[in-house]
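Take a look at the structure set out below.
The values are calculated or read from the model by the stated rules, or taken from the named source; none is laboratory data. Nothing here was measured: the structure is a model prediction, and the numbers come from that model. Cβ: placed from backbone, ideal geometry, glycine included. Neighbour counts: every protein chain shown. What goes into the accessible areas is simple: the full protein's heavy atoms, side chains included, and nothing from ligands, DNA or RNA. Shrake-Rupley method; radii C 1.70, N 1.55, O 1.52, S 1.80 Å.
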Amino acid sequence: MLGSVPRRLNLAALTDDELQQLVGQDRAVTLLPDLSLARLEGRTVPGAAVADHLAPQALDERAWGATPEQARAISALHQDLLAAGAQALGTYYLPGVSEVRHLRAYRIEPDCSAGLRWSETPETAGSGWPFVQLLTWLRDRASGSACVLTSNTRQPYAPSLSEEIDVHLHPDCPLPDLLSAHRGHVLRHGRAQKLPADGDWTRPWQAMHALNLTAWDRRNLIIPG
């Protein structure tokens, strides 16, 4: 469910790199003069809606992909995840800040949540290409990190994620190597939390979203709608 009071992204608080990642280079160039003036005047500039809670909408299983190439990439990553022992938990539409709103959820025992993400209608070049996210929560935060997120996405995250999330990007990395790298990143921090016994795949992602909201609030990135 969305929060009772709609909120939006404050484009004026984004860095230039974040803006370009979110809207594409051409639109960023168009927006920058007004955003620069807004920063000088202390104004906010409303952007995309921001969900206080993730609201995944279940989708029917079918052959996904806006192009044959994208469809083949989705299918290949899905098979790679199954071969790695992942349990598929359905396909969902996920509204939010990111335009990459299609998600197939997985569970990799004992401690890794995985998501295969793509966009059927990418708004910026290259943003819709399928990628995998691997998320593991840590038992303690002695290292300063609450969780580890590893991905083979080609696009940096925008807005930047919370400093409590240890983010590792390995663009186009094959799934077996990505999973191995993720395990190594987790091991550097100590022990991982096991996945929730109730099987609710959204819980680890909801918790990570909450970390991001807190970090974005500190930067004045989220404003009343």
Using alpha-carbon coordinates, inclination of helix 202-218 to the longest axis of the chain, degrees: 30
Note down the net charge around A105, summing +1 for each Lys or Arg and -1 for each Asp or Glu among other residues with Cβ under 11 Å from its Cβ. +2
Rounded to the nearest 10, the angle in degrees between the Cα long axis of helix 25-41 and the longest principal axis of the Cα atoms of the chain comes to 50
Find out how many positive minus negative residues lie around P176, taking Lys and Arg as positive, Asp and Glu as negative, among other residues whose Cβ is under 14 Å from that of P176. -2
Using helices alone, I'd like the mean residue ellipticity at 222 nm for the chain: each DSSP H run of four-plus residues gives -39500 (n - 2.57), total over residue count, nearest 500. -10500 deg cm²/dmol
As I understand it, the dipole of region 19-111 uses +1 on the Cβ of Lys and Arg and -1 on the Cβ of Asp and Glu, about the Cα centre. Which of A88, S75, Q25 lies farthest toward its positive end? Q25
Angle between the chain longest axis and helix 68-83 axis [Cα atoms, degrees, rounded to 10]: 50
Env charge @ W118, Cβ radius under 10 Å, K,R +1 / D,E -1, value +2
Explain nothing, just the number: dipole magnitude of region 14-161 about its Cα centre with +1 on each Lys and Arg Cβ and -1 on each Asp and Glu Cβ, in debye rounded to the nearest 20. 220
Can you put T91, T30 in order of accessible area, largest first, using a 1.4 Å probe? T30, T91
Per-peptide average of other Cβ atoms within 10 Å, ordering 56-66, 181-191, 12-22, 130-140 highest first: 130-140, 12-22, 181-191, 56-66
Given charges at Cβ of Lys, Arg, Asp, Glu: region 129-225 dipole, positive-most of F131, M208, G184: G184
